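**Student:** The structure follows.
The values are calculated or read from the model by the stated rules, or taken from the named source; none is laboratory data. Predicted model only: the values in this text are computed from it and were never measured. Neighbour counts run over all protein chains shown; Cβ positions are idealised from the backbone, glycine included. Surface accessibility is based on the protein's heavy atoms, side chains included, excluding ligands, DNA and RNA. Shrake-Rupley method; radii C 1.70, N 1.55, O 1.52, S 1.80 Å.
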Amino acid sequence: MNRQINSNQQPEEFTRVRLPQKSANEILGTVESLLGANKIRVRCIDGVVRVTRIPGKIKKRIWIREGDVIIIVPWSFQNEKADIIWKYTPPQANWLERKGFLKI
């Protein structure tokens, strides 16, 4: 059987998306502003605005800009501060928004 694929329709891409783990206290957030000195202001999904830092492991590999969707882990002793552990690519962020994970 020969099937012709319509050139206007592209097959939907399947992307694996890492979701935040509640057991590890991970939270989704959106970058509001870059503060300098490896610090970023992030609006989290729980409504709290946190100042986060970029660990060296991430700083050397990934560029983070305003509007990016990230996963953070709040500090156990100071809830207003956190560490960044993951950054989503634009297709992954679109998938999260379509599936209802981002309600910011």
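**Student:** Name the residues in the stretch 46-67 that are touching a Lys or Arg at 6+ places or on another chain (Cβ under 7 Å) and modelled with pLDDT under 90, would you?
**Tutor:** Matches in the stretch 46-67: ILE62, ILE64.
**Student:** Among the residues of the stretch 28-60, write down those that are open to solvent by less than 30 Å² (accessible area, probe 1.4 Å) and charged (D, E, K, R).
**Tutor:** Correct list: ARG50 only.
**Student:** While we're looking at this one, here's another question. Just one of TRP86, TRP75, TRP63 is closer than 16 Å to ARG18 by Cβ and either touching a residue at least 24 places away in the same chain (Cβ under 8 Å) or surrounded by fewer than 18 Cβ atoms within 10 Å (Cβ to Cβ) (or both); which is it? Spell out how you get there, then give the answer.
**Tutor:** Numbers: TRP75 fails: closer than 16 Å to ARG18 by Cβ; TRP63 fails: closer than 16 Å to ARG18 by Cβ.
Exactly one residue qualifies, and that residue is TRP86.
**Student:** In the stretch 7-23, how many residues are surrounded by fewer than 10 Cβ atoms within 10 Å (Cβ to Cβ) and at pLDDT 80 or above?
**Tutor:** 2
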